[in-house]
Amino acid sequence: MSPSRVAAIAGRIFTQFRRDRRTLGLIFIVPVVVMSLVGYLLSDRREPLEVGFVNLDRGGTLFGPINLGMSLEGALRREGGVTLRPYPSADAAEGAVRSGAIAGALVAPADLTERTFAGETAELRLLLRGVEPIIDNAVRLAVGRTLAQLSQVLAERVAAAGGAASAPPVTVDERTLLASPDLATIDYYGPSFIGAFAFFFTFLLASVSFLRERSTGTIERLSASPATRLEVVLGYLLGFLGFALIQSLVILGYSVWVLNMRVAGSIVVALLVLAILVVGVVNLGIALSFFARTELQVVQFIPLVFLPQVLLAGLIWPVETLHPSLRVLAQVFPLTHALAALRTVMIAGGGLADIGDRLLLLGLFAAAMIVVGAAALSKQRG
Amino acid sequence: MSRTAGATGGAPVSDAVSASGLVRTFGRIRALDGLDLSVRKGEILGLLGPNGSGKSTLIRVIVGLLRPTAGAVTVLARRMPDRGTSARIGYMTQTAALYEDLTPRENLTFFGRLYGLTRREARRRAAELIERVALMERADAPVHELSGGMRQRTNLACALIHRPDLLLLDEPTAGIDPPNRRSLWEYFHDLNRGGTTLLVSTYIMDEVERCHRVAMIERGRIIAAGSPEELRRAAGAATMEEAFLAFSAPAVRGEAPAST
C-alpha cells in the first residue's frame, strides 16, 4: 500500500473536477437552490388561499340586531390562512370553486342566527374542489379554527344574556364538487406521478439516445443521407411517443387493477395529454443533448430540468399555495399544465373542454421544442 | 512546385468530384486552406496525409455535411450540399458508425430505408451485402459483439446499401489488422471494377500503392497529385513515404513564417 499512489489518484480526481466547470457548478449550486426550495415548501409558510363566503343569514335580535353570518365573515377575514371573497349566492360561489377561481367556499344559511339562538343546530355548507387534498385540508382547517373561535365568543355572549350555558354547536356540511369525497391518497397522486414518469423517462431516454447517436457517429450517417431534419425529428417523436404511451398504459393499468386507483374521466383523453407532453419533452431532450459531451453530462441536466418541476409543478405541493413569484415560474413549466390537466381528467372526470387551455399551452411548448430540436439538429451540419 | 489534380488533366465533365479554392475554418483553425482537387469518374483516388491535415474535413465537405467557408465543390455535376446528390454518395466514417445494439442486418436494412429503399428491397440488398463482405455467421449478432474487422466490414456494407456512384472512405483501414485490411481493399477494387468511383483517405503510406492516383494533403492543401509511380519519380524517392516527405518539406517550411 503506497500512500503516494492513493494521493495521486485523489489528486487526479480533483484536477478533473476543477476542469469540469459544469459539474463543479452543479455540485454546489444545485443543492443550494433545491434545498432552499424544499425548505420553503416544507415550512408552513403558505400563501393565503382564496375562499369564498356567502352570507344568507337573515340575522336576529339579542340586545339589538345581530347577524352571526356577518360575525363569521369578520372572523374569517381575520384568519391568517385565508383571503376572503364574498359571493352573492351559493350558485355563484359554487361556480367559482368548480372553475378553480377560489379554493373553496363557505355558505352561511338563512336561519343561522335564528336557529342558534333558539338552541337548535345550524348547518353551514362548505364547498370544496376535492382534487387537491392539501388545499381541501387547508380550507377545512381555516374554517374549523374560525368556527371554534366564534362559538367561544358566542357562548360568552349567550351566557351573558342569561341564555343556555353552552351554545349549540354549528355543524358543517362538506361537499366536494369535482370528485367523489371518499378518494384514497393514490387516487389523488396517481395521475401526477404518471405524468412525472412520462416526463422523466422520455427526457432521459431521448437525450441519451440522441447523444449516443452523436458519440457513435451515426448522426453523421443520418445527416449524410437524404433524410431531412424534419424526418429525423418526426421519426424520433414517433418512436418515443409510442414508447411513452405504452409506459403510461402499463403504469395506468397497474395503478387501476393492482393498486385500485380510481379514474373518473376518459383514459383516452389522459393519454392525449401525455402524448402532447411527450412530443415537447422528446425535442427538449434532443436540444439539450447538444450541450452535453458525455452521458454523465446528460444526467446532470436532470437536476436542472426535472427537479424544479417536480417541486413546483404541483406534484405534491399545489401550485396555488406557492409564493406568487414561484407560481409564475410554475406556469412556465410544461409539467404544471400536464399535471393539472391529468388531475382534471382522472380525478375530477373532466373532458377535453375542461382542459382546453392547458392543452393549448402544452401544444405551444411542443411546437416551440420541435423548432428548437430541429435547429439543434442543423447545428450538426456545418 | 505543387501539382494539383486539376493540373494533371482530365476534362471537368468526367470528374466525379471537383473542388476549387476550398477553405473551411473552425474558429481560428484553417482546416482547409484553398484546396483544389478533382476525382475522375471510375478511378480510385488515394487521399494521403498525416493526422490533422484536413482529410476528414475535406470528405465531410464533399459529402455535404460541412459548408465550405469559401470555394466550391461539385459532385457528379451538382454543387454541394445537395440532397439529391447525397443519395448517390456512399460515406464510410472513420469509426464504425453503427447502432451497437442492432445486428449488422438490422443496421443495413435501416440505412437502406433511409436512402429510400422499400423495406423488401432493403432486406434483399442487406442479405446480398452480408454475403459480399463475408458476415454470414455474425449477421444476426448485435454489433457490440463483433470484432473490429467485422464492424468495419459492416460499416462498409452500410455505405454501399444504396449502390452509390461515388464512395467516400475516411480512413477505412485505420486500426484494422493486415488480413482484414487486405480483404477491405479487395472489396474496394471489386467495387471499382463495377464502375464505382472511390476516394480513400489514409495516413498509411504504402496503402496508396493500391490506388490509381494519389493526392497528398497537408495543412489543408493538396501538395502533390498523380499516380504513385509519377509521384515517386517526381520526388526521386524509392518509397511513398520518402516521396511524401520530399513534397511536404518545402510546403511546411513555406508555411512556417505565416503561421503564428
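Just so you know, all these numbers are worked out from the coordinates, no wet-lab data involved. All figures in this text were calculated on a predicted structure; none of them were measured in a lab. Every residue, glycine as well, gets a Cβ built from its backbone with ideal geometry; the counts of neighbours run over all protein chains shown.
Residue order for A:VAL281, A:VAL269, fewest other beta carbons within 10 angstrom first, comes to A:VAL269, A:VAL281.
How high is the FRET efficiency from A:LEU56 to A:ARG98, r the C-beta distance, R0 22 Å, rounded to 0.05? If you can, show how the numbers build up before the last one.
Values: r = 19 Å, r/R0 = 0.88.
Between A:LEU56 and A:ARG98 the formula returns 0.70.
Among A:LEU339, A:LEU106, A:LEU147, the residue with the largest mean-square fluctuation in a Gaussian network model of chain A, with springs joining Cα atoms closer than 10 Å, is A:LEU147. Helix B:240-255 and the longest principal axis of the Cα set of chain B meet at an angle near 60°. Largest mean-square fluctuation among B:ALA19, B:ALA134, B:ALA249, in a Gaussian network model of chain B whose springs join Cα atoms under 10 Å apart, belongs to B:ALA249. Neighbour counting of Cβ atoms within 10 Å sorts the residues B:CYS211, B:CYS158, fewest neighbours leading, into B:CYS211, B:CYS158. Rounded to the nearest 10 degrees, the inclination of helix A:3-19 to the longest alpha-carbon principal axis of chain A is 70 degrees.
Among the trypsin sites (Lys or Arg not before Pro) found in region A:84-188, not one is both in a DSSP coil and sparsely packed, with 15 or fewer other Cβ atoms within 10 Å of its Cβ.
Of all segments of chain A bounded by chymotrypsin sites (Phe, Trp or Tyr not before Pro) found in a DSSP loop with no more than 14 other C-beta atoms within 10 Å, the longest spans A:64-290.
Here A:GLU47 and A:TYR254 are evaluated by their C-beta separation; at R0 = 60 Å the FRET efficiency comes out at 0.95.
As an exercise, identify the trypsin sites (Lys or Arg not before Pro) in region A:21-72 lying in DSSP coil whose Cβ has no more than 16 other Cβ atoms within 10 Å. Could you put the intermediate results ahead of the total?
On the way: sites: A:ARG21, A:ARG22, A:ARG45, A:ARG46, A:ARG58; in loops: A:ARG45, A:ARG46, A:ARG58.
Those satisfying the criteria are A:ARG45, A:ARG58.
Based on Cα contacts under 8 Å between residues 6+ apart, region A:138-288 shows a relative contact order of 33 percent. Within 10 Å of the Cβ of each residue in B:92-103, the mean number of Cβ atoms contributed by other protein chains is 3.
Label-to-label distance, A:ILE246 versus A:THR121, with points set 7 angstrom from Cα along the beta-carbon direction: 5.7 nm. Take the Cβ atoms of A:VAL34 and A:ARG12, set R0 to 25 Å, and the FRET efficiency comes out at 0.30. Any idea what % of Cα-Cα pairs in region B:119-260 are farther than 23 Å? Percent of Cα pairs beyond 23 Å in region B:119-260: 46.
Any chance you could tell me what percent of the C-alpha pair distances in the protein assembly as shown go past 37 Å? Working shown, then result.
Details: 115053 of 205761 pairs.
Every Cα pair in the protein assembly as shown considered, those over 37 Å come to 56 percent.
What is the Rg over Rh value, at two decimals, for chain A, using alpha-carbon atoms and the Kirkwood definition of Rh?
Numbers: Rg = 27.5 Å, Rh = 24.3 Å.
Result: Rg/Rh = 1.13.
GNM remark for chain A: springs join alpha carbons under 10 Å apart, and the peak mean-square fluctuation among A:GLY52, A:GLY190, A:GLY11 falls on A:GLY11. For region A:91-116 versus region B:39-90, the spacing of their alpha-carbon centroids is 76 Å. Note that region A:238-247 has calculated 3J(HN,Hα) couplings of 4, x, 6, 4, x, 4, 5, 5, 5, 4 Hz, one per residue in order, obtained from phi through the Karplus relation 6.51 cos²θ - 1.76 cosθ + 1.60 (θ = phi - 60°); glycine and proline are x.
Just counting partner chain Cβ atoms within 10 Å, what average do the residues of peptide A:214-220 show around their Cβ?
That works out to 5 on average.
Taking label points 7 Å from Cα along the Cα-to-Cβ direction, B:GLU186 and B:ALA249 give a separation of 4.0 nm. Mean partner shielding of peptide A:223-234, defined as the number of other chain Cβ atoms within 10 Å of each residue Cβ, is 5.
For chain B, the longest principal axis of the Cα atoms and the long axis of helix B:148-160 meet at an angle of about 90 degrees. Summarising the label geometry, the points placed 7 Å from Cα in the beta-carbon direction at B:ARG28 and A:MET1 lie 4.9 nm from one another. Compactness ratio for chain B: Cα radius of gyration over 2.2 N^0.38 Å (N = residue count) comes to 1.01.
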